[in-house]
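> Quick one: this structure, given as structure tokens, is what I'll be asking you about.
The values are calculated or read from the model by the stated rules, or taken from the named source; none is laboratory data. No experiment lies behind these values; they were computed from the predicted model shown. Glycine gets a Cβ as well: all are built from the backbone with ideal geometry, and neighbour counts include every protein chain shown. Heads up: the accessible areas ignore ligands, DNA and RNA and are worked out on the full protein's heavy atoms, side chains in. Shrake-Rupley method; radii C 1.70, N 1.55, O 1.52, S 1.80 Å.
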Amino acid sequence: MKIVKVVCAPGRTGFYFDDQRAIKRGAKTDGFFYVGEPETLGFSAIRQAGEAISLMLVLEDGSIAWGDCAAVQYSGAGGRDPLFLAEDFIPVIMRDIAPILEGRVIGSFLDTMKAFENITDRDGNRLHTAIRYGLSQAILDCVAKTKNKLMCEVIADEYGTTVSDEMIPI
């Protein structure tokens, strides 16, 4: 199935971003929030609403495959990617990823994601983990829609395994 257009929409996550550096250096809580100035690049507060980007792929049959680009709570700490703010990363997706996706025919999740795993932005940086995560969801959804299968069936087919016919206890 061919991707005809990439659309991005900012959103909120179900959690929040915490500036771990400021917290470890003694920031005090005031109810749900922290008092003081953030210490990690990109933070506007020590605790702030988590952000995400819904990455939607408009397919040639008019259907939409989507994935949510979302990051971890302690962004920018312990070697993690920087804070994931929608206003900073929608332009990266539209500039560096959309031109590669639009017009592309997607037939395999595994092959497509292998091709995207090492793509860098125009500054030579590896794509933010949140973008790679959301992109993988959208590509998997695209392949599932193309093949009229569940996403788990696509994974099973491409990785040579089977989908369990019983609930798997967690």
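> Rounded to the nearest 20 Debye, what is the dipole magnitude of the chain about its Cα centre when Lys and Arg each give +1 and Asp and Glu each give -1 at the C-beta?
Details: 18 positive and 24 negative charges, 55 e Å.
With Lys and Arg at +1 and Asp and Glu at -1, about 260 debye.
> If you stretched the chain out fully between Asp123 and Ile168, how much longer would it get, using 0.36 nm times the residue separation minus the C-alpha to C-alpha distance? Please report the intermediate quantities before stating the final value.
Values: separation 45, 0.36 × 45 = 16.20 nm, distance 4.32 nm.
Length gained between Asp123 and Ile168: 11.9 nm.
> Right, another one. Whole number in Å², please: accessible area per residue of the chain, 1.4 Å probe, ligands, DNA and RNA not counted. Before the final figure, lay out each step's value.
On the way: 9680 Å² over 170 residues.
Accessible area per residue, the chain: 57 Å².
> For Phe33 and Glu87 in the same chain, what is the full-extension length gain: residue separation times 0.36 nm, less their Cα-Cα distance, in nm? Mind dumping the intermediate values first?
On the way: separation 54, 0.36 × 54 = 19.44 nm, distance 2.29 nm.
17.1 nm is the gain from fully extending Phe33 to Glu87.
> Could you please state how large a percent of the accessible area of the chain is carbon and sulfur, counting protein chains only and using a 1.4 Å probe? Don't jump to the answer; show the numbers that get you there.
Values: 5170 of 9680 Å².
Within the chain, the accessible surface is 53 percent carbon and sulfur.
> Could you work out how much longer the chain between Tyr74 and Lys147 gets when fully extended? Use 0.36 nm per residue separation minus the Cα distance between them, nm to one decimal. Don't skip to the answer; put the middle values down first.
Numbers: separation 73, 0.36 × 73 = 26.28 nm, distance 3.73 nm.
Length gained, Tyr74 through Lys147: 22.5 nm.
> Taking a quarter of the surface of the convex hull around the Cα atoms of the stretch 1-125, what do you get in nm²? Don't skip to the end; give the middle numbers.
Numbers: hull surface 35.0 nm².
Quarter of the Cα hull surface area: 8.8 nm².
> Lys5: which lysines have alpha carbons under 19 Å from its alpha carbon, excluding same-chain residues fewer than 8 sequence positions away?
Lys145
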